[in-house]
Amino acid sequence: MSAKLSPRLKSKKLLRRWQGRKEKLLLSLPELLDHSSVRGNVEAIHELRVTIRRLRLYVRLGRPLLSKTAVKGFLRWARGISKATSGVRDLDVALEWLQGQEDADEVMELCQARRAGAWRLARRRLLLPTRGLLKTLVKIKGGGKPHVRLARRFAKIESHLAMGVRRAGPLFFKMREDEQHQFRRLTRWWRYLREVGLPRRAQKEDALLNALLQTQEATGNRQNLILAEAALRRLRRSGVVAELRRKLAADQVATSSRIRSSLTRLARLSRARG
C-alpha cells in the first residue's frame with residue numbers, strides 16, 4: 001500500500017495543476033473567440049462560454065497569487081462576453097428542444113431569425129483581452145509560499161460552496177426560478193473547483209464529483225426548458241406556440257424526479273464529507 005502524500009506535496013501538486021490548466025485555457029481563448037465570431041455556430045458559442053466560466057473559477061481561486069489589476073480586468077471582460085452571448089445561447093437551447101417537436105417548423109424559423117440577429121450583435125463584442133493582460137494572468141506573484149496560499153484559498157472556497165449547496169438543496173422546489181438558477185451555479189462552481197483538486201485520472205471515480213455533475217445536469221435540463229419557454233413567450237401567440245408551451249411545462253414537471261434523486265445523493269455525499 002503506497003504512503004499518503006504529505007499536505008505540502010498535495011498543495012504543490014494543486015499549484016502545478018491549477019497553473020497548467022489555467023495556462024491551457026488562456027491559450028485556447030484566441031481560437032475560440034475567432035470561431036465564435038466568424039462561424040457563430042452552436043458548438044463554438046457553447047465551448048467559449050464554458051471555457052470562460054472555468055477560467056473565471058481559476059482566476060478567482062488564484063486571486064492572491066495574481067495581479068489585482070489583471071484579475072479585475074479579466075473578470076470584467078469575461079462578464080461582458082457572457083452577457084453578449086447569453087441571448088444567442090438561450091435561443092440555441094430553445095432550438096434544440098424544438099427540433100424534436102412536431103409542427104414546429106414555423107416557430108423554429110422565427111427563433112432562427114432571432115438567433116441570427118442576436119449573433120450579429122454579439123459578434124461585435126467578441127474581442128480578445130489585451131495580450132499583456134493574458135500574459136500577466138499566467139505569471140504568479142513572488143513572495144511567500146504560493147502553494148500554501150492557494151491550498152488555503154481552495155479549502156475556504158470549497159467550504160463556502162459546500163455549505164451553500166447543503167443549505168439550499170432541500171429547498172430547491174420551493175425556490176423561485178432565479179434562486180434555482182443560482183443553486184445550479186453553486187453546484188457548477190463546486191464541480192469545477194473539485195476538478196481542480198483532482199488529477200484527471202481520479203475524476204471519473206470520484207463519487208462527490210459525479211454527484212455534482214448529475215445535479216448540475218438535472219437542474220440544467222430544467223433551466224433549459226425554462227429558457228425555451230421564455231423564448232416562445234416572446235413570439236406572437238398562436239395555437240402552435242400555445243401547444244408547444246404546454247409541452248414545455250409538462251417536460252419541466254417530468255424533470256422533478258431526476259432532480260430529487262440527484263439532490264438526495266449529493267446531500268448524502270456532502271454530509272459524509274463533512
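Quick one: would you say Leu126 is touching a residue at least 12 places away in the same chain (Cβ under 8 Å), part of a loop (DSSP other than H, G, I, E, B) and touching a helix residue (DSSP H, G or I) at 6+ places or on another chain (Cβ under 9 Å)? First the steps, then the outcome.
Working: touching a residue at least 12 places away in the same chain (Cβ under 8 Å): yes; part of a loop (DSSP other than H, G, I, E, B): yes; touching a helix residue (DSSP H, G or I) at 6+ places or on another chain (Cβ under 9 Å): yes.
For Leu126, the condition - touching a residue at least 12 places away in the same chain (Cβ under 8 Å), part of a loop (DSSP other than H, G, I, E, B) and touching a helix residue (DSSP H, G or I) at 6+ places or on another chain (Cβ under 9 Å) - is met.
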Cβ-Cβ under 8 Å pairs, at least 6 apart or on other chains, the range 44-69 side closer than 22 Å to Gly144 by Cα, far side aromatic (Phe, Trp, Tyr): Tyr58/Trp18; Val59/Phe74; Leu61/Trp18; Leu61/Phe154; Gly62/Trp18
Residue match in the range 221-231 (condition: within 21 Å of Arg271 (Cα to Cα), touching a residue at least 12 places away in the same chain (Cβ under 8 Å) and of a type in the set (Lys, Arg)): no
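Of everything in the range 229-274, what is part of a helix (DSSP H, G or I) and among the basic types (Lys, Arg)? Give them in sequence order. Let's see the steps before the verdict.
Of the range 229-274, the ones part of a helix (DSSP H, G or I) are 229-233, 239-254, 256-273.
Listed by number, the residues that qualify are Arg233, Arg245, Arg246, Lys247, Arg258, Arg260, Arg265, Arg268, Arg271, Arg273.
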Those helices (runs of 4 or more DSSP H) lying entirely in the range 142-205 with at least 1 residues within 19 Å of the chain's Cα centre (by Cα), surrounded by 16 or more Cβ atoms within 10 Å (Cβ to Cβ) and free of Cβ contacts under 8 Å to residues at least 24 places away in the same chain: 146-168, 177-197
Residues (surrounded by fewer than 20 Cβ atoms within 10 Å (Cβ to Cβ) and in a loop (DSSP other than H, G, I, E, B)) located in the range 73-123: Gln99, Gly100, Gln101, Glu102, Asp103
Answer from Ser36, Ser2, Ser6 - the residue that is modelled with pLDDT under 95, crowded, with 19+ Cβ neighbours inside 10 Å and over 25 Å from Arg233 (Cα atoms): Ser36
Of all residues making up the range 222-237, the number that are under 13 Å from Leu110 (Cα atoms) and either surrounded by fewer than 18 Cβ atoms within 10 Å (Cβ to Cβ) or touching a Pro at 6+ places or on another chain (Cβ under 9 Å) (or both): 5
Criterion: under 16 Å from Asp90 (Cα atoms) and in contact with a helix residue (DSSP H, G or I) (Cβ under 7 Å, 6 or more places away or on another chain) - qualifying residue of Leu244, Leu209, Leu193, Leu248: Leu248
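Please enumerate the residues belonging to the range 37-68 that are outside any helix (DSSP H, G or I) and not basic (Lys, Arg). Explain how you work it out, then say what you get.
First pass over the range 37-68, keeping only residues outside any helix (DSSP H, G or I): 39-41, 62, 66-67.
Those that are outside any helix (DSSP H, G or I) and not basic (Lys, Arg): Gly40, Asn41, Gly62, Leu66, Ser67.
If we scan the range 3-10, do we find a residue that is closer than 28 Å to Val148 by Cα, free of Cβ contacts under 8 Å to residues at least 12 places away in the same chain and in a helix (DSSP H, G or I)? Spell out the reasoning first.
Let us first name the residues in the range 3-10 that are closer than 28 Å to Val148 by Cα, namely 3-10.
Of the ones still in play, those that are also free of Cβ contacts under 8 Å to residues at least 12 places away in the same chain are 3-6, 9.
Filter once more, keeping what is in a helix (DSSP H, G or I): 9.
Yes, the range 3-10 contains at least one residue that is closer than 28 Å to Val148 by Cα, free of Cβ contacts under 8 Å to residues at least 12 places away in the same chain and in a helix (DSSP H, G or I).
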Residue under evaluation Glu23, criteria (1) within 21 Å of Gln216 (Cβ to Cβ); (2) acidic (Asp, Glu); (3) in contact (Cβ under 8 Å) with a residue 24 or more places away in the chain, criterion not met: (1)
Filter result for Lys12 (crowded, with 17+ Cβ neighbours inside 10 Å and either in contact with an Asp or Glu (Cβ under 6 Å, 6 or more places away or on another chain) or at pLDDT below 95 (or both)): yes
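The values are calculated or read from the model by the stated rules, or taken from the named source; none is laboratory data. Source: prediction; values computed, not measured. Cβ coordinates were reconstructed from backbone atoms using ideal geometry, including for glycine residues, and neighbour counts include every protein chain displayed.
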